[in-house]
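What follows is one structure encoded as structure tokens, with my remarks underneath.
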Amino acid sequence: EFEKAFRLECKAIKKVREKMKLKNVLVMEFIGDKGKAAPTLKEKPIQNVRKLHEWVVDVLAKMLYKGELIHSDFSEHNILNFNEELVLIDCAQAVLSTHPKAKEFFERDVRKAGEGIIGKKGGNDCF
């Protein structure tokens, strides 16, 4: 996870930052306010569909072309909505773009983005 997180960090993808690594434990940044965790996109849909569309395309492209990673579980459950700022989480299962199933995982991520994330928010005409 640490190596994948570093790849994403270097590519300017907004995601949960690592605070510390101790042996095999990775302590992650808390995203929320006053002890209350930020809701997922599923729990609190973003109001600006155009912003959501642009963010999804940007994140998927940066992960693939700059980070050489495929999230492989891209969904509204793995995106936090912290005051209308989107933060990608749960990158532990991300695979390198050279993984034997990378194409399959990427296509599934794009399908989930189009149908499950943007489509539910009324943005099918954007995708």
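Worth a mention:
- Protection proxy ranking, peptides 31-38, 111-118, average beta carbon neighbours within 10 Å, highest first: 111-118, 31-38
- Pairwise label distance in nanometres, Y65 with K34, each label 7 Å out on the Cα-Cβ vector: 4.2
- The residues of segment 37-127 expose, per residue, 51 Å² of accessible area to a 1.4 Å probe.
- Spin-label model, E115/K103: points 7 Å from Cα along the beta carbon direction are separated by 2.0 nm.
- Unsatisfied cross-links (Cα-Cα over 22 Å) in the set K23/K62; K62/K103; K23/K101: K23/K62; K23/K101
- Annotation: amide H-H contacts under 5 Å for I31 (H modelled 1.01 Å from N, sequence separation of 5 or more, or interchain): A38.
The values are calculated or read from the model by the stated rules, or taken from the named source; none is laboratory data. Just so you know, these numbers come straight off a predicted model, no measurement behind them. Quick reminder, even Gly has a Cβ in these numbers, built from the backbone with ideal geometry, and neighbours come from all protein chains shown. Keep in mind that these areas ignore ligands, DNA and RNA; they rest on the heavy atoms of the full protein, side chains included. Shrake-Rupley method; radii C 1.70, N 1.55, O 1.52, S 1.80 Å.
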